[in-house]
Amino acid sequence: MTENYDFQRIEAKWQKIWEDKEAFRVFEDSKKTKFYCLEMYPYPSGRIHMGHVRNYTIGDVISRYKVMKGFNVLHPIGWDAFGMPAENAAIKSGVHPQKWTMENIAHMKHQLKRMGFYYDWGREVNTCLPEYYRWNQWIFLQMYSKGLAYKKKSWVNWCPQCQTVLANEQAAGNRCWRCDSEVKQKDMEQWFLKITDYAEELLSGHDLLKKWPEHVLLMQKNWIGKSKGAHVTFPISGTDQFIEVFTTRVDTIYGATFVAISPEHPLSQKLISDSDKKERFQTWIERSIKKQKLEKDLTEEEKEGIDTGKKATNPFTGAEVPIWIANYVLMEYGTGAVMAVPGHDQRDFDFAKKYSIPIQEVVVPEGKSSSGELEEAFEGYGRLVNSGDFTGMTSKEAMDAMAQYAEDSGFGRGSILYRLRDWGISRQRYWGAPIPIIYCEKCGALGVPEKDLPVILPRDVEFLGVEGSPLEHTPSFVKTSCPQCGGQARRETDTMDTFFDSSWYYFRYCSSQEETRPFQSSAAEYWMPVDLYIGGVEHAILHLIYARFFCKIFRDIGLTTIDEPFPHYLPQGMVTKDGSAMSKSKGNVVDPDKMLEQFGADTLRLFILFSSPPEKEIAWNEKGVEGSHRFLYRIWTFIHENLDFFSRDKNQVLEAPPESESHLHLKTKMHQTIKKVGDDIEKRYHLNTAISSIMELFNSLKKECESLKIHHEDRDLVKNTMEILVQLLSPFAPHFCDEIWEKMGHKNILLHASWPVFDPELAREETVTIVVQINGKLRDKFDAGRGLPKEDLERKALESERIRNIIGDRKIRKVIFVQDKLVNIVI
RNA sequence: GCGGAAGUGGCGGAAUUGGUAGACGCGCAAGCCUCAGGAGUUUGUGGUCCUUGUGGCCUUGGGGGUUCGAGUCCCCCCUUCCGCACCA
């Protein structure tokens, strides 16, 4: 009677054995080569979802494989535990964010264990605990003392009804997510990190990231947005003030027929202050600023502006041009002011047409002459016309010459501009790491002294959901004394963006218990950098740039010698159902718990990997899960039906048999599969094809076994192949394989068994199929010994009756030969 | 608008270096087993045509090209998805 495949019992059994053996604990060991496999840690939202299952299963298979290959593998996990959902839950249902978060973590931890993941739980980090976030504060203070953290005014979304700051996603559609009132913009003091200091290095560091997908590097590159150009100052007529502009096309400056500044530009108020239309202008400016902040698609917005009536002088031509305030000029980019060249910029062209501003042509396409009246802006490069001494130069020559001339004349310089902006980390929220700053009336803003860290987030606060952060209304937190003069002082009540937490957690895993520094440098020297980082591509820009930025700061303050934390990044695709991402609102969520109950962890792991290669999206299909389950079941039944045979004592040697053809075939297949599975896991990360090749091996094995009773001599090979198969499958379905392995009489767990080695000689087919083509079309094929020379195979091909019939009496022009593959006869 | 990725049977996907397209799995069909089956098992399964063969033709979004040979390389176009977006 065949024993049932009781996966619930088996999985619980092996999870306990692994835990009792502490099989997943790792320590630094200089004798072994380390491998640090990291997956993006989860936000403890309550339950794990299929995206987690996929992400962590990919990492788990690679980790287990590397362990079997003899590496010292660090595979940690933790919790991105601060953030808004916890606070929202508090506001809505009165549960304390800490309670909510810790309960979620407990449940999700249980779920992850239930999946059988190879995690060293001794290194678990939890960002909402003071043990962790005190180092956020410490790092912040290091940055503050180096001038890398600073405070400045910035616009935030503000709900006047709730009297609170809103995140962008809470202000969707320009309406407050809670009370639906109209969102306003408010200018508030906020903390920033000077990531722009590292813009160039974040860009040039891409050269070290050889194992990142090209498109991810490109996304980051666009985000950093480096532009080469020039800054030029235009004096404002009748004043001693200037407008500075940035341009990437200084070669077109002779065609600058006006200057346009952003409504938000500091000069915009001054320039209209003595205008008789001041009030109308004022209203227009306010409306434009608001639109710029809130409109999603600004390109759709019609270009409009107001003429300030003031003039500025084009320093190249000496001509006076009007100064406009225009809604298409953004304060965030460049200087917030542009030299407008209608002839060579379509936006300026549209604007000039609307307000009848002159359009001048100063660049013509190479080999063409001036076209008279322009129909639209010519934005390409060409040769300069109507440009004084620079006329006749190419655009490229002129850009250098003009930048040089501007610099020599003192009204400009060649320059480089980045789109990347400093990172605002202030959040007017409770559930985050407090920013360790104290404000004293006398001494100003001071960092909390290191000895006073951590600044503990107080537990007892009120969650009204209105009038700013709960911390502001907690006097016991706010009131403090000045660390310098001892006088009355007030704490910063803003907390940190949770991206701050996730920018360095991978360092913390190296020594998560360390109490005197964020991490032990020696431990980080051993484990870092992360050898493989796996996670959703939605973090390709922000998280991965911030983390790279932090690593470079750590290097610059002497905590590490690493330049890049993640030399290898593997983005993993989404799990979708019915054409869209699984989400509660769509109602298309498949709960991993349900799958675990129905099929078990091994089936779920196998299915999620088998469906698709890691980078691709997975469309969930319940039938496929059954297929993966069936595969395990078939192996289970097969082993149990022949249990006497498979559990036979290893030492019982059978006489070496003569090698039959099918015997040879199976042996070859076995060695090929070892090679393929290894390559698929560590070279291509195509775990789906690794699994399919194991399935193929099992199919071959079963076929061979139909003759098991007849061909006594194949038995050793069959048993050996089965053992290899279980080893190859074990990273994918670890509980199942350990159970079978034990049944086959082994005492060790598979994690401690080494990965099988293939013999290249045996992996090579002794007979190959030679394809015969005529004019590139398949016409015949035959088997032949490996390595036969062209002449033999060509003769054999021409002997074939089919081939002879097709050729008839036509003349053979030539014959193409590919060793061990094909003979192509061209007639 | 700019940038990127992708398009292969009814479905998920395979084809790693230009060399047998459709591996593996799902689904479907038929047989076996069964009182029964939404279980198990065996076989078949891209389309099409006929003379049913170890057959012919067609087939990797569409159209051209390079090559003895193209899913793979080049050019043009279409569709879908993603990122950025008045970036000066």
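The values are calculated or read from the model by the stated rules, or taken from the named source; none is laboratory data. This is a predicted model, so every value here is computed, not measured. Cβ atoms come from the backbone with ideal geometry, glycine included; neighbour counts cover every protein chain shown. Ligands, DNA and RNA are stripped out before the accessible areas are found, and what is left, the full protein with its side chains, is counted by its heavy atoms. Shrake-Rupley method; radii C 1.70, N 1.55, O 1.52, S 1.80 Å.
Quick rundown of the values:
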{"item": "Cleavage-rule hits, trypsin sites (Lys or Arg not before Pro), the range A:747-827, DSSP coil, Cβ neighbours within 10 Å at most 10", "result": "A:747, A:810, A:811, A:813"}
{"item": "Column: log10 I(q)/I(0), Debye, Cα scatterers of the range A:525-576, q = 0.17, 0.26, 0.31 Å⁻¹", "result": "-0.55, -1.01, -1.21"}
{"item": "More than 15 angstrom apart: percent of Cα pairs within the range A:57-118", "result": "61"}
{"item": "Estimated translational D of the range A:183-232 in µm²/s (Stokes, Kirkwood radius over Cα pairs; 25 °C; 0.890 mPa s)", "result": "179"}
{"item": "Given A:34/A:683; A:226/A:683; A:184/A:277; A:92/A:290, the pairs whose alpha carbons are separated by over 27 Å", "result": "A:226/A:683; A:92/A:290"}
{"item": "Cα-based equivalent ellipsoid, the range A:219-267: semi-axes from gyration tensor eigenvalues, Å", "result": "25, 15, 9"}
{"item": "Linear extension gain, residue A:32 paired with residue A:811, 0.36 nm per residue minus alpha-carbon span", "result": "274.0 nm"}
{"item": "Separation in nanometres of the label points that stand 7 Å from Cα toward Cβ, at residue A:557 and residue A:237", "result": "5.3"}
{"item": "More than 19 angstrom apart: percent of Cα pairs within the range A:236-395", "result": "55"}
{"item": "By accessible area with a 1.4 Å probe, ligands and nucleic acids excluded, highest first: order of A:622, A:641, A:525", "result": "A:641, A:525, A:622"}
{"item": "Gained length - residue A:488 relative to residue A:683, 0.36 nm times residue gap less alpha-carbon distance", "result": "64.1 nm"}
{"item": "Calculated SAXS-style log₁₀ I(q)/I(0) at q = 0.19 Å⁻¹ - the range A:313-416, Debye, Cα scatterers", "result": "-1.17"}
{"item": "Separation in nanometres of the label points that stand 7 Å from Cα toward Cβ, at residue A:778 and residue A:182", "result": "6.9"}
{"item": "Dipole magnitude of chain A about its Cα centre (Cβ charges: Lys, Arg +1; Asp, Glu -1), debye to nearest 20", "result": "700"}
{"item": "Computed helical MRE - 222 nm, chain A, DSSP H runs ≥ 4 contributing -39500 (n - 2.57), nearest 500", "result": "-11000 deg cm²/dmol"}
{"item": "Of all accessible heavy-atom area on the range A:168-315, the percent that carbon and sulfur account for (1.4 Å)", "result": "49"}
{"item": "Cleavage-rule hits (GluC sites (Glu not before Pro)) in the range A:315-408: DSSP loop, at most 16 neighbouring Cβ within 10 angstrom", "result": "A:332, A:366, A:373, A:375, A:376, A:379"}
{"item": "Stretch gain in nm, segment residue A:522-residue A:541, where the contour uses 0.36 nm per residue and the Cα spacing is subtracted", "result": "3.9 nm"}
{"item": "Inter-site label distance for residue A:124 and residue A:69 at 7 Å from Cα along Cβ, in nm", "result": "2.9"}
{"item": "Per residue value of the accessible surface for chain A (all protein chains in place, 1.4 Å probe), Å²", "result": "46"}
{"item": "Neighbour cut-off at most 16 other Cβ (10 Å), DSSP loop, trypsin sites (Lys or Arg not before Pro), the range A:407-503", "result": "A:419, A:421, A:442, A:459"}
{"item": "Estimated Rh, the range A:255-295: Kirkwood, alpha-carbon pairs, angstrom", "result": "11.2"}
{"item": "20 Å binning of all Cα-Cα separations within chain A, expressed as whole percents from 0 upward", "result": "12, 33, 30, 19, 5, 0"}
{"item": "Relative contact order of chain A, pairs being alpha-carbon contacts under 8 Å that are 6 or more residues apart, as %", "result": "14"}
{"item": "Cα shape, the range A:75-196, gyration tensor, a/c 1.5 rule", "result": "oblate"}
{"item": "In order through the range A:675-688: 3J(HN,Hα) via Karplus (6.51 cos²θ - 1.76 cosθ + 1.60), integer Hz, x for Gly, Pro", "result": "5, 5, 4, x, 4, 4, 6, 9, 9, 10, 6, 8, 5, 5"}
